[in-house]
Amino acid sequence: MSLISRGFAGRARTTSSDRLPPGQYDAGGSFPVLTAGPTPRVDIGTWDFTVQGQVDEVARWSWQQFRALPREDVTTDIHCVTSWSKLDTRWQGVSLDTILGHVETAAEYVTVFSDGGYTTNLPLEDLTGGRAWVVDTYDEEPLAAEHGGPARLLVPHLYFWKSAKWVRGLALTSTDEPGFWETFGYHSYGDPWRSQRYAGD
Amino acid sequence: MTTSDMTADGTADEGPESRRLDGNAAAGPLRELFSVDIIAAACTCAHCGGTTALAEHVLYADAPALVLRCPSCTGVVLRYASAGGQARLDLTGARLLVLDLAHDGRPG
Amino acid sequence: MTTPTVTTAGPARRGGRLLWTPARVRSVQAETARATRLVLEVPGWAGHVPGQHLDVRLTAPDGYRAKRSYSVASGPEQPHVELIVERLPDGEVSPYLTQQLRVGDELEVRGPVGGWFVWHASLGGPLQLIAGGSGVVPFLSMLQHREAAGSDVPARLLYSARALPDVIGADRVAATDAGVTLVLTRQAPATWQGPTGRVDARLLHEHVVPPDARPQVFVCGPTGFVEAVADALLELGHPPERVKTERFGTGGGAT
Ligand SMILES: Cc1cc2nc3c(=O)[nH]c(=O)nc-3n(C[C@H](O)[C@H](O)[C@H](O)COP(=O)(O)OP(=O)(O)OC[C@H]3O[C@@H](n4cnc5c(N)ncnc54)[C@H](O)[C@@H]3O)c2cc1C
Ligand SMILES: [Zn+2]
């Protein structure tokens, strides 16, 4: 049963661009906010970023220490599993290569954890090689709380749910532990170019 | 009252909080799956043990799934989504659901 | 007063689950400058309890879909299902429903749903309704039913609207024998005697059935409005189990 609603187009969207993975549309100027819970009130004074789990020593950065790390500008396309994409988004933050540079580990997987209890999992390898950042700046402005500020993960080559908002650290693990959406049946890897939405896709 | 007035009063803001709903708004999607209205059921939260009607939970509907959170502890109680001919339902946060079978929200 | 034909096994109900049903648009009328009243013919409509809503689904030619919820404005005794939709200028669905939809169009609906935010004469009272903007819609159904059922349950409506021309359901609000307090938040005529400004604890204290009278309180409207009013009611001593809320999100219009 598929009734077409006469004259209904829905929000303006472009679907034809070779920069759009299958099934995605270009959200253009809008930046939809996906919310699965209350926006955490984050205090910069007590904020820290830690790398823990299968490590010899827990690595920890306070907000000041994090802000003092070498920074990079990133311009990239992002792809949300709810099928919008946004092209040429501009961010600034710290490369995970910098953060993981000093960490000795035999772990192969990471559980990313956030204020508010959100988690997501991915292979450690996907956080390295200039493909992932902890960003605190969007479009030259401090990252808004609704978009994950003060800091979020940015892993643009995977569906955007992997780019955890309000990120607080990484727990390194030897096995792939499903996170918030992955326990709901979402794909443990989430490559938008292979439409890896659900487990088994 | 505009949302910006409310920000000044500290009662709400223009952020995602202004789009959250009551569990009651999940009644339609859940009837894709259930033949009765489970939204009126009393639900015991697996996180904090509090009991409240699902209708009185807080619903976040702008996510890849509907996410229903406990009004006391904000823990996730129910997740539901349907896409591509499949429905998925997660109730791990709901320890117990008690449904009144005598009337399905239809008095009289 | 005619009683509605209540069908329990129409096309909408198969195996007890509720499916999308095409409804036909019978009429489209301006309710206010911003709001439109839609009269629908829904085959197999199971009959509703005042306060229930339905879901509307729109499908674009490329298969893109949008779904939204709308409260039923009509009473169960009325022959057709009526909705009142307020247009949000930057919204996706409400501009379509208020400006594009024509008589004879088909609209997919699923309902009635929501067995919680409901009132029926058999549930008694006193009844206290508190609305912000289009949050008055489910209350129009409750007031219509209360009258049609000849109910003598004492009822009050506290209704916050931007200005007089924004009042939704003005006919019903004027005709009801329930006590009505209209609060204007943006603009009031020079001769206006009623309250103005934000619905706060003081205004609720003055115009709402007090907790000692054990009212059943229903609060409906934009999320910010509902949360502020519900908090103030608890402060005034209304027990949480007697305060039911229906948040409309940012939709439903500012108050
Ligand atoms: C149970 C229930 C009953 C309701 N009954 C009624 C009724 O009787 N009458 C009525 O008029 N309304 C009612 N509503 C509200 C209605 O469902 C819609 O929310 C409303 O019509 C607005 O829809 P829209 O598509 O026009 O706006 P939307 O496109 O949903 O946009 C609403 C606003 O939110 C913003 N927004 C939306 N999504 C995002 C996002 N992801 N990120 C950032 N910003 C975003 C938009 O820019 C816009 O300002 C009811 C809601 C519920 C839950
Ligand atoms: Zn709880």
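Of all residues in the stretch B:22-46, those being hydrophobic (A, V, I, L, M, F, W, C), within 16 Å of ligand 2 (Cβ to nearest atom) and open to solvent by 10 Å² or more (accessible area, probe 1.4 Å) number 2. Checking the stated criteria, residue B:14 turns out to be open to solvent by 60 Å² or more (accessible area, probe 1.4 Å), at the interface with chain C (Cβ under 10 Å from one of its Cβ atoms) and either modelled with pLDDT of 90 or more or assigned to a loop (DSSP other than H, G, I, E, B) (or both). The residue list C:52, C:100 contains one member that is polar (S, T, N, Q), away from ligand 2 (no atom under 16 Å from the Cβ) and open to solvent by 50 Å² or more (accessible area, probe 1.4 Å), which is C:100. Taking every residue in the stretch C:74-95 that is within 14 Å of residue C:136 (Cβ to Cβ) and pairing it with any residue that is aromatic (Phe, Trp, Tyr), at least 6 positions away or on another chain, the pairs with Cβ-Cβ distances below 9 Å are C:83/C:70; C:84/C:70; C:85/C:70. Going through (1) more than 9 Å from chain C (Cβ to nearest Cβ); (2) in contact (Cβ under 8 Å) with a residue 24 or more places away in the chain; (3) open to solvent by 20 Å² or more (accessible area, probe 1.4 Å) one by one, residue B:102 falls short only on (2). Would the stretch A:50-71 turn up any residue that is under 16 Å from residue A:163 (Cα atoms) and under 18 Å from the mean Cα position of the chain (by Cα)? No, the conditions are met nowhere in the stretch A:50-71.
Considering the stretch B:20-108, the qualifying strands (runs of 3 or more DSSP E), each wholly inside and each with 1 or more residues that are β-branched (Val, Ile, Thr) and within 20 Å of residue A:116 (Cβ to Cβ), run over B:58-60, B:66-69, B:76-83.
Of the strands (runs of 3 or more DSSP E) lying entirely inside the stretch A:62-154, those containing at least 1 residues that are open to solvent by less than 20 Å² (accessible area, probe 1.4 Å) and within 18 Å of residue A:48 (Cβ to Cβ) are A:84-95, A:109-114, A:133-138, A:152-154. Checked against (1) part of a strand (DSSP E or B); (2) crowded, with 20+ Cβ neighbours inside 10 Å; (3) of a type outside the set (Ser, Thr, Tyr), residue C:136 passes all but a single condition, namely (1).
Looking only at residues in the stretch A:1-25 that are surrounded by 15 or more Cβ atoms within 10 Å (Cβ to Cβ) and more than 30 Å from residue C:22 (Cα to Cα), the one that is farthest from the other protein chains (Cβ to nearest Cβ) is A:21.
Within the stretch C:149-161, the set of residues being under 12 Å from residue C:131 (Cα atoms) and open to solvent by 20 Å² or more (accessible area, probe 1.4 Å) comprises C:156 only. Only a single item in (1) more than 13 Å from chain B (Cβ to nearest Cβ); (2) in contact with a helix residue (DSSP H, G or I) (Cβ under 8 Å, 6 or more places away or on another chain) is not met by residue C:224, and it is number (1). Residues being under 27 Å from residue C:76 (Cβ atoms), surrounded by fewer than 22 Cβ atoms within 10 Å (Cβ to Cβ) and away from ligand 1 (no atom under 16 Å from the Cβ) are entirely absent from the stretch B:60-75. Is it the case that residue C:183 is in a strand (DSSP E or B), free of Cβ contacts under 8 Å to residues at least 40 places away in the same chain, within 14 Å of chain B (Cβ to nearest Cβ) and hydrophobic (A, V, I, L, M, F, W, C)? Criteria met by residue C:183. For the residues B:93, B:49, the requirement of being more than 10 Å from chain C (Cβ to nearest Cβ), within 11 Å of ligand 2 (Cβ to nearest atom) and touching a Gly at 6+ places or on another chain (Cβ under 6 Å) singles out B:93. Taking the listed residues A:42, A:81, A:33, A:55, the one that is over 27 Å from residue B:18 (Cβ atoms) and not polar (S, T, N, Q) is A:55, with no other qualifying. If you check A:141, A:146 for being more than 22 Å from residue A:98 (Cβ to Cβ) and within 14 Å of chain B (Cβ to nearest Cβ), only one passes: A:146. All but one of (1) within 16 Å of ligand 1 (Cβ to nearest atom); (2) part of a loop (DSSP other than H, G, I, E, B); (3) of a type in the set (A, V, I, L, M) hold for residue C:209; state the number of the condition that does not hold. With (1) within 16 Å of ligand 1 (Cβ to nearest atom); (2) part of a loop (DSSP other than H, G, I, E, B); (3) of a type in the set (A, V, I, L, M) applied to residue C:209, the lone miss is (1). Tell me yes or no: at least one residue of the stretch C:200-209 is open to solvent by less than 60 Å² (accessible area, probe 1.4 Å) and closer than 17 Å to residue C:32 by Cα. The answer is no, given that none of the residues of the stretch C:200-209 is open to solvent by less than 60 Å² (accessible area, probe 1.4 Å) and closer than 17 Å to residue C:32 by Cα.
Residues of the stretch C:176-197 that are surrounded by 12 or more Cβ atoms within 10 Å (Cβ to Cβ) and either under 24 Å from residue C:145 (Cα atoms) or aliphatic (A, V, I, L, M) (or both): C:176, C:178, C:179, C:180, C:181, C:182, C:183, C:184, C:188. Determine whether residue C:150 is away from chain B (no Cβ under 14 Å), within 16 Å of residue C:75 (Cα to Cα), outside any strand (DSSP E or B) and not basic (Lys, Arg). The answer is yes for residue C:150. Answer with yes or no whether residue B:25 is touching a Leu at 6+ places or on another chain (Cβ under 9 Å), within 16 Å of ligand 1 (Cβ to nearest atom) and within 8 Å of chain C (Cβ to nearest Cβ). Yes: the conditions hold for residue B:25.
The values are calculated or read from the model by the stated rules, or taken from the named source; none is laboratory data. Bear in mind the structure is a predicted one, so any value in this text is a computation, not a measurement. Note that each Cβ is placed from the backbone with ideal geometry, even for glycine, and that neighbours are counted across all protein chains shown. What goes into the accessible areas is simple: the full protein's heavy atoms, side chains included, and nothing from ligands, DNA or RNA. Shrake-Rupley method; radii C 1.70, N 1.55, O 1.52, S 1.80 Å.
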